[in-house]
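Enquirer: Take this structure first; my questions come after.
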Amino acid sequence: MKFAALALLATLPFVLSVSPNPQVPATPGALSKGTLTVDKANPCIEAETCGMCMEKGKDCAFCTATFYDKENLPRCDLKSNHVKRKCQGDDLYGPDSDLTPVRNDGVKNGGENIDLEPAIQIQPQEIRLTIRPNDPQKFKLTFRLAEDYPVDLYYLMDLSHSMKDDKERLALLGTDIAAKMKGITKNFQLGFGSFVDKVVMPYVSTAPSKEPGSIKPTLNSPCPGCDPPYGFKNQLKLDKDTTRFATEVRAAKVSGNLDAPEGGFDAIMQSLVCEEQIGWRAASRRMLLFSTDADFHYAGDGKLGGIVKPNDGNCYMSANEYTKSTEQDYPSVSQIAANIKDKNTNIIFAVTKDQFPTYKQLEKFIAGSVTGELANDSSNIVTLVQQNYDKITSKLELTTENAEGLDVKFFTKCTGNETMETNICQNLVIGDESTVTFDVIIEATSCPADETKFSKTFSIKPVGLPDKLEVHVDLICQCDCEKPEFADKNQNSDKCSGKGTHMCGMCVCNQGFYGRTCNCDAGNATSEEIQSQCMKNNTNLVCSNRGECVCGKCECSARSQNSAQKYSGEHCECDDYSCPYSGGNLCGGSDKGTCKCGNCGCNEDWSGPDCSCSKANDSCITTNGDTSSICNGQGTCQCNKCVCDPTSAFRGPKCLDCKTCQEVCQKNKACVQCVVHETGLKSQTECDRDCRKPGFITKVPELDGEKNSCEFKDEDDCIFFFSYDYGPNNELKIKAQETKECPKQVNVLAIVLGVIGGIVAVGLAILLVWKLVTTISDKRELARFEKETQDAKWDTGENPIYRQATSTFKNPTYAGK
């Protein structure tokens, strides 16, 4: 258990009388746990101690008044219930959560001297929060980017031989970098450091000197014109005199190594932890610009050079050079990330195109880091610094430190209009007078097991900045009456029969005694043995959690406060008041049944879980002439009500209604004919006998939407209408319309003459149309002929094929020649 009163038991010569669970150590107040059932509406009543009660939520309170024992009331209950019972003053403990600002200075820009006039970017700076578990507390946190905020930029450069042209370009652009940063903030420092790799094989050549004519690299000459290799050097401490930067960059010489990855992680670690040697200021935005064209070694790679000692993350600088390079392994990514966060530093990875994807992956693990693509000769370094500085400063990300056991949530509109749950805001601008406001909600969901953690301090801070809000939290997880100093004053109290300590209104009994007032002598029996007498078989609940075990016997509690209704049974397992209600009465009332241990015991004529089901069937009987049946033979009688067969078409209270069948209509057709219309097959005698019963058939001028309507055709081809229903005693009632609807007489002659006239008219119309069409056609043909005649021209010339008719006769007697 996690409360002081329980820890106290180990030092006092007494024990608690009875525990509700033999498997759990005895706890104060177990006997007065309460008689209600725990539910969502009242989570308080299951708490057994005052401290546990505080943990249940802000609405719970603990009452130490003595009359609570007499009435067996739950000491931990809703505060409103305690007030109704007149528990008040010192007897009632239920403090509210409280939030008090300690330092609440407004946001402002800094002065020339940051030590005397520091910039304030976050408000408030310190608060004290006294909080109950499960009681969320909300407050507002404001942030604004200050103008001329101090900036420390440390340029950490790979000076292996492949970066020679980059170094020369950096020397030329150093002044431009300083000028660009001073345009952003007047309070600017610039420094410079370099790295190569560990001076052990296989990272660098350790050969002492060259053989004559050899071109192989050696320790002192890893490459032509190069200095010997080293792990990390602080070439220029951070300084406001930025003109020194270009001088130191020119003076630094490149070196060389054998493998492709470099020892950049060693250099980053030392740059972070050696704050004094590097010159980092406490109240500044720290920026580490890491420039390289190669991959990096990380934890474990040192084993290749025989270095097995892990990196301890401490500073080892002497004469501005890292001294443990050959003794400690490279740091891990997580070590770098932890120190980046701890030292409030932003890191810019300025790397060449081929290395960009590798270093981009580090952004996922190192908060406050960004990656930029560096030109092969670093010619874009000024633009890269500007862009990534803007990227870093335009993003606000709030984090918490040492907030374990607390649930911290952030809600903000950022620079928009919609509130959302987020700890990140984008697109902030330095010099913008508008602020970003967060609603911060803090909640403790439970009390820690360790009492020393009831009070703690955690911080809310922006990533990469030293500004922070300190929150001092005091959890209300213990009541004053549970503290050891209170118990010392109340040992062997008269309220506990002189055999126990009175704490928080309850008795903690001395060894060998138990009971609410320690009035029971346990003898040689243990607490578990005594409690077992109050437990039902196969359960571990004392008196079913509905009473208390007094000297080995259950005394059942009332079901609710000031109620005469009590639980019953040997182990208080029965509730004679929780049976189903029927007609507003428990089990339908005493004439139908009684409640016995949560179940209704029904009288002889009633059944069902709530005794509402009658065993009689008089309401289900239907009659048809001299015969009777149950539910018209179309259903069953259940609880004296007809339940019609779902496969049958009959419905209604007695299964007599049938909308899709005409059986009732057909049976009563003849009666309606003889009574209303004096027609049909029934004789007058039969009609008087079968149909003229009082109230059986009622004549109405017209039926108006009645249900169960019927219609039939009479002998004269007229249609008559009637409907039926059932009276209060389920007797059949018929309403018949007085008038019939008869078809009108048809005039056959008019129809015949009309048809003939229509045929003649249609024929004449067809002849007229034909005549009209032919006349028009003839006129068109004549007109065309006349036009062709007028247009004809006759030629009077000789016909070339014309031959006159001639006859030649020869005289046979002519002898001339």
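The values are calculated or read from the model by the stated rules, or taken from the named source; none is laboratory data. Nothing here was measured: the structure is a model prediction, and the numbers come from that model. Here the Cβ positions follow ideal geometry from the backbone for every residue, glycine too, while neighbour counts run over all protein chains shown. Each accessible area value is taken on the protein alone, full model and side chains, heavy atoms only, with ligands, DNA and RNA left out. Shrake-Rupley method; radii C 1.70, N 1.55, O 1.52, S 1.80 Å.
Enquirer: For the chain, give the magnitude of the charge dipole about the Cα centre (Cβ charges: +1 Lys/Arg, -1 Asp/Glu; no others), in debye to the nearest 20. Mind showing how you got there, number by number?
Expert: Working: 91 positive and 111 negative charges, 400 e Å.
Roughly 1920 debye for the chain.
Enquirer: Can you tell me which lysines have their Cα less than 18 Å from the Cα of Lys79? Leave out same-chain residues fewer than eight positions away.
Expert: The reachable lysines, counting only those whose Cα sits under 18 Å from Lys79, are Lys33, Lys40, Lys56, Lys58.
Enquirer: Could you sort Thr247, Thr49 by their accessible area in this structure, using a 1.4 Å probe and putting the largest first?
Expert: Details: Thr247 85, Thr49 5 Å².
Greatest to least solvent exposure: Thr247, Thr49.
Enquirer: Can you pull a Stokes-Einstein diffusion coefficient for the chain at 10 °C (1.306 mPa s), Rh from Kirkwood over Cα pairs, as a whole number of µm²/s? Could the numbers behind the result be given before it?
Expert: Details: Rh = 39.5 Å.
Calculated translational D: 40 µm²/s.
Enquirer: Let me ask something additional. Which residue, Leu475, Tyr230, Thr393, has the largest displacement toward the positive end of the dipole of the chain when charges sit on each Cβ (Lys, Arg +1; Asp, Glu -1)?
Expert: Selected residue: Thr393.
Enquirer: Starting from the Cα gyration tensor of the stretch 147-188, take the square roots of the eigenvalues, sort them a ≥ b ≥ c, and report rounded, prolate or oblate (rounded when a/c is under 1.5, otherwise prolate if a/b is larger than b/c, else oblate). Could you put the intermediate results ahead of the total?
Expert: Values: a/c = 5.67, a/b = 2.30, b/c = 2.46.
Oblate, because a/c is 1.5 or more while a/b does not exceed b/c.
Enquirer: State the percentage of accessible surface on the chain attributable to carbon and sulfur atoms; use a 1.4 Å probe and exclude ligands, DNA and RNA. Don't skip to the end; give the middle numbers.
Expert: Values: 21910 of 43560 Å².
Percent of accessible area from carbon and sulfur atoms in the chain: 50.
Enquirer: I need two numbers for the stretch 423-567: Rg to one decimal and Dmax as a whole number, Cα atoms only, in Å.
Expert: My reading of the Cα-based Rg and Dmax gives 26.1, 81 Å.
Enquirer: For the chain, with every protein chain kept in place, what is the accessible area per residue (1.4 Å probe, Å²)?
Expert: 53 Å²
Enquirer: Sticking with this structure for a sec: How much solvent-accessible surface does Ile441 expose, in Å² to the nearest 10, with a 1.4 Å probe and all protein chains in place?
Expert: Surface open to solvent at Ile441 totals about 50 Å².
Enquirer: Taking amide H positions as placed in the peptide plane 1.01 Å from N, state which residues far from Arg285 in sequence (5 or more) or on other chains have amide H under 5 Å from it.
Expert: Val151, Asp152
Enquirer: For the chain, what's the relative contact order in percent, using C-alpha pairs closer than 8 Å and at least 6 residues apart?
Expert: Working: 1646 pairs, mean separation 84.8, N = 817.
After rounding, I find 10 percent.
Enquirer: Between Asn402 and Phe696, what is the spin-label point distance in nm, taking each point 7 Å from the Cα along the Cα→C-beta axis?
Expert: Using points 7 Å along Cα→Cβ, the separation is 10.1 nm.
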